[in-house]
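Structure first, then comments.
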Amino acid sequence: MASKPWGGRFGEKTDRRVEQFTESISFDRRLFEHDIRASIAHAEMLAHVGLITHDECQQIVRGLSDIRAEIEADQFEFVLEREDVHMHVEAALIDRLGDVGRKLHTARSRNDQVATDVKLWVRDGLDRIGARLTDLQRALVDAAERHREVILPGYTHLQRAQPVLAPHYFLAYVEKFARDRDRLTDTRRRLNVLPLGAAALAGTTLPIDRDHVAKALGFEGVAANSMDVSSDRDFALESVFDLTMIAEHLSGWAEEWVLWSTQEFSFLALPDAICTGSSIMPQKKNPDVLELIRGRTARVIGALNTLLVLIKGLPLAYNRDLQEDKEPIFDAFDTVEACLELAAVVVAGATLRADRIAERLDEGFLDATTLMEYLISQGVPQRSAHEVIGHLVSLCEQKGCRRLVDLPDDDFAKAHPNLGPGVKSVLGVANAVKAFRSHGSTAPDQVEKQLAAWKTRLLPSSGS
Ligand code: ARG
């Protein structure tokens with residue numbers, strides 16, 4: 001086995017326990033494709049500026065491609081002595097090419113190398129998550145269409161509040177996931193400057209061309225300060241925050257649908273294929289996927305927390321602590337990607353139980369606020385109108401009638417002279433929904449507009 005790349009300075013073999021403690025190959029092997037991609041761009045730049053010959057470059061590129069194929073085919077040997085993915089790839093290249101392989105690390109350090117690899121990995125991850133968000137949004141828009149005619153009780157404090165159209169409800173989540181996707185785009189733009197060329201922390205005396213590498217790797221520019229590069233993991237934290245926000249949105253939604261699929265709510269039917277049963281209670285059908293989406297949010301928050309605590313108090317520039325960034329990054333991406341995929345499956349399979357929902361729409365005085373606004377529109381001050389309708393609701397409860405419309409005309413007239421027979425036009429959930437008009441409200445024409453706009457934005461070709 002080849003000695004360490006730092007062997008020249010050292011008189012002793014590394015203690016096995018130290019090798020075990022410091023290794024990262026067990027998890028950073030996931031970066032191999034990005035490591036090789038970056039090394040090829042680096043080698044091509046070295047040839048471009050004359051630090052290696054074109055023939056040497058060709059040998060290196062071929063060697064790296066062969067190593068990639070070996071790793072992909074699971075024929076590559078990973079060993080503890082070679083510590084991390086960067087040393088594995090380089091050592092394998094040297095095994096093949098000898099001195100030519102020993103030139104690859106010219107004007108480069110593992111510090112700018114690892115920053116570059118992780119950035120490339122995270123950038124790919126952001127693109128994957130963006131595509132998953134779009135898939136989920138499409139499933140939600142589709143659900144909005146399928147339930148166009150359904151009216152839902154809208155809640156605040158989990159108490160019945162005002163009626164809303166089901167598409168309005170589904171599109172609320174489409175908006176949240178749109179902000180999530182914007183955040184990814186924003187993060188990607190800030191991330192997209194090349195670390196490589198910063199070398200260890202101070203740059204290099206050699207005549208490298210960083211723009212050449214940036215172009216080859218799809219970066220928009222080169223990072224301006226080598227010390228910053230060596231220590232910067234902002235892009236990782238920002239990305240994992242973006243993922244946490246997605247997980248938070250998914251978690252709230254999952255909680256809501258766990259409730260909705262209970263006997264008590266009976267709002268939602270989930271197909272058997274996405275539920276699980278009980279090993280003891282034969283009648284059970286449980287929404288485990290939703291519960292696990294809610295539960296896995298804890299892991300993502302944990303990953304963000306790990307990263308925040310990890311970089312807190314690190315002096316410039318690279319510190320080995322930064323090696324600990326990878327597992328939380330990988331885990332956050334894996335977790336959120338899987339949750340998004342399954343969320344889309346659940347949304348596509350779920351059906352609102354329109355009949356059960358409709359049966360109970362008259363409970364909870366969902367039209368009370370509309371009736372109040374009916375008075376306001378006739379010039380009654382809001383505070384007074386609120387009080388009048390509050391009294392009517394209380395009267396309903398005393399008299400045991402479920403709906404405001406069940407009160408005799410007399411009670412309305414006594415409550416306020418403006419509450420004539422016209423009240424019938426705004427009472428009842430269906431009338432209440434139709435009465436909405438403000439921009440962004442649940443008014444039927446507003447909801448139609450939202451739905452049409454999202455359908456256009458989410459057309460398979462638009463990719464917005
Ligand atoms: N495995 C290391 C990491 O992930 C690579 C960089 C090591 N750099 C060093 N100077 N020891 O951070």
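Just one of the listed residues (D334, D321) is away from the ligand (no atom under 16 Å from the Cβ), of a type in the set (D, E), within 30 Å of H34 (Cβ to Cβ) and open to solvent by 40 Å² or more (accessible area, probe 1.4 Å), namely D334. For beta carbons closer than 8 Å, sequence separation of 6+ or different chains, a first residue in segment 73-89 that is within 18 Å of H34 (Cβ to Cβ) and in the same structural domain as R37 (by TED's automatic domain parsing) and a second that is buried (at least 17 other Cβ atoms within 10 Å of the Cβ) and among the aromatic types (F, W, Y), the qualifying pairs are V85/F32; H88/F32; V89/F32. Given (1) modelled with pLDDT under 95; (2) more than 18 Å from E341 (Cα to Cα); (3) surrounded by 15 or more Cβ atoms within 10 Å (Cβ to Cβ), identify the lone condition not met by G277. That leaves (3) as the condition not met.
The listed residues are R160, R188, and the only one of them that is in the same structural domain as V122 (by TED's automatic domain parsing) and basic (K, R) turns out to be R188.
Every condition in (1) more than 16 Å from the ligand (Cβ to nearest atom); (2) more than 23 Å from G364 (Cβ to Cβ); (3) not in a helix (DSSP H, G or I) is met by L140 except one, and the failing one is (3). What are the residues in segment 165-202 that are more than 30 Å from R146 (Cβ to Cβ) and open to solvent by less than 30 Å² (accessible area, probe 1.4 Å), if any? Scanning segment 165-202 gives T187, L191, N192, L194, P195, L196, G197, A198, A199. Filtered by the rule that a residue be within 21 Å of L217 (Cα to Cα) and open to solvent by 20 Å² or more (accessible area, probe 1.4 Å), segment 82-107 gives E90, K103, H105, T106.
Can you name every residue in segment 294-318 that is open to solvent by less than 90 Å² (accessible area, probe 1.4 Å) and either within 14 Å of the ligand (Cβ to nearest atom) or in a loop (DSSP other than H, G, I, E, B) (or both)? Within segment 294-318, L307, L310, I311, G313, L314, P315, A317, Y318 meet the criteria. Would you check if D55 is more than 30 Å from D228 (Cβ to Cβ), assigned to a helix (DSSP H, G or I), out of contact with any helix residue (DSSP H, G or I) (no Cβ under 8 Å at 6 or more places or on another chain) and open to solvent by 60 Å² or more (accessible area, probe 1.4 Å)? Spelling it out, D55 is indeed more than 30 Å from D228 (Cβ to Cβ), assigned to a helix (DSSP H, G or I), out of contact with any helix residue (DSSP H, G or I) (no Cβ under 8 Å at 6 or more places or on another chain) and open to solvent by 60 Å² or more (accessible area, probe 1.4 Å).
Kindly provide the set of residues from segment 93-137 that are basic (K, R) and within 16 Å of the ligand (Cβ to nearest atom), ordered by number. Selection gives R108, R110, K119.
Whenever a residue of segment 431-448 is assigned to a loop (DSSP other than H, G, I, E, B), it has no partner that is open to solvent by less than 10 Å² (accessible area, probe 1.4 Å) and at pLDDT below 95 lying with C-beta atoms less than 9 angstrom away and at least six residues away or across chains.
The set of residues from segment 23-52 being of a type outside the set (G, A, S), within 12 Å of the ligand (Cβ to nearest atom) and surrounded by fewer than 22 Cβ atoms within 10 Å (Cβ to Cβ) comprises E23, I25, F27, R29, R30.
The values are calculated or read from the model by the stated rules, or taken from the named source; none is laboratory data. Here the structure is a predicted model, which is why all the values come from computation and not from measurement. Neighbour counts are summed over all protein chains in view; Cβ atoms, including those assigned to glycine, are modelled from backbone coordinates with ideal geometry. Areas reflect the complete protein model, heavy atoms only, side chains present, ligands, DNA and RNA absent. Shrake-Rupley method; radii C 1.70, N 1.55, O 1.52, S 1.80 Å.
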